[in-house]
Amino acid sequence: MFKVRLFGTSSQGLPILSYCFGQKGPVVLILGGVHGDEPEGNYIALGLLKKWIQHFPYQLQMTLIPCFNIEGSLIAQRKNQNKVDLNRNLPTKNWTSEFTKERYQPGKTACSEPENKALVKWIQENSVKLILSLHSWNPMINTNGNCLPEAEIMRKMTGYKLSDYIGYPTPGSLGDYCGQERDIPVITYEAQKDSSIQEALTKHVPAIEKALFSSQKRV
Ligand SMILES: [Zn+2]
C-alpha cells in the first residue's frame, strides 16, 4: 500500500505530488525533476514508482517525488516558472544572490520559491536519513555527507564515477543545505544526459533499488 500526498505547490500553484511507501525504518526522500530539462531523473523516479506500486520491498519510510519542479518539467526548462534554479535557492549559509550564469539564477532571496519552502518544511518535520536527487549531465554519483554504502553499490552497478565534489561551488543546493550543513547525506545522481527511458529502467532503477537495501541499516 502507498499514499499519495500533496507535498507542496509550485510558484504558480500547481500540485507537487509525493508517493509514500513503508511504515517503519529510516526515512528516505527521492526527488526527480529538480531541473526541468533533465527528464532522465523523471524516468528513473517513475521507474521506481512503477516497481513499488506493485511491491515495496524495504523496511524504509520512503517519500518519492517524481516531479519536484513541476513547472520546469512541463516546459522542459531547467528553472521554475519564476526562472529560478531550485537547486541554487535553498537557504544555505553560503547562499548569494550573485550568479555566474543565467541558468544558475538563485532567486531574489534564499528560499523565495514555494517548491523549496515545502522542501525545507518537510526536512524540518521529518528525521530524514538519506536524500537521493535524480539529475542528468555527465555521468556521476555525487556524494554530500556519509552515503558511501549506497553510492558504492550504484557505482558498481552503473560504472559511473564517484565524486564528493561536482567540480564547482553550488551555493543554495540541496547537497550543501543537507549534506554539508545538516548532516543529512545527499546523493546527487547524474545520469547520462539524453539517455533513454529504457536505460533508466534497465540500468538506473536496478542500481538504486539494490543500493536502498543498505539504507535500511541507517540510524
Ligand atoms: Zn540537474
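Taking the number of other C-beta atoms within 10 Å as the exposure measure, put 18, 173, 127 in order starting with the fewest.
127, 18, 173
What are the chymotrypsin sites (Phe, Trp or Tyr not before Pro) within region 157-200 that DSSP puts in a loop, where the Cβ has at most 14 other Cβ atoms within 10 Å?
Passing both the DSSP loop test and the Cβ count: 165.
Given the pairs 161/217; 108/193; 93/161; 51/156; 3/161, which span a C-alpha to C-alpha distance of over 31 angstrom in this model?
3/161
Mind checking which of 205, 128, 54 is farthest towards the positive end of the chain's charge dipole, using Cβ charges of +1 (Lys, Arg) and -1 (Asp, Glu) about the Cα centre?
The listed residue farthest towards the positive side: 54.
With charges only on Cβ, +1 for K and R and -1 for D and E, what is the dipole size of the chain about its Cα centre, in debye, rounded to 20?
440 debye
Rank these for me by crowding, 102, 71, going from fewest to most other beta carbons within 10 Å.
Going from least to most buried by this count: 102, 71.
Could you give the angle, 0 to 90 degrees to the nearest 10, between helix 114-125's Cα long axis and the longest principal axis of the Cα atoms of the chain?
The helix 114-125 is inclined about 50 degrees to the chain.
Please give the length that would be gained between residue 20 and residue 93 if that part of the chain were fully extended, namely 0.36 nm times their separation in residues minus their C-alpha to C-alpha distance (nm, one decimal).
Result: 23.2 nm gained on full extension.
Projecting each Cα onto the charge dipole of region 90-219 (Lys/Arg +1, Asp/Glu -1 at the beta carbon, about the Cα centre), which of 175, 111, 162 comes out farthest on the positive side?
162
List the chymotrypsin sites (Phe, Trp or Tyr not before Pro) within region 23-81 that fall in a DSSP loop (any state other than H, G, I, E or B) and whose Cβ has at most 10 other Cβ atoms within 10 Å.
Qualifying residues, ordered by number: none.
State which stretch of the chain is the longest one without any exposed trypsin sites (Lys or Arg not before Pro), exposure meaning a DSSP loop state and at most 12 other Cβ atoms within 10 Å.
Counting at most 12 other Cβ atoms within 10 Å as exposed, the longest clean stretch of the chain is 25-92.
Grab the alpha carbons of region 2-190, take their convex hull, and tell me the volume per residue in Å³.
110 Å³
We did not get these values from a lab; they are worked out from the coordinates using the rules stated. Keep in mind that this is a model prediction, so the values were computed, not measured. Glycine also receives a Cβ, built like all others from the backbone with ideal geometry; neighbour counts cover every protein chain displayed.
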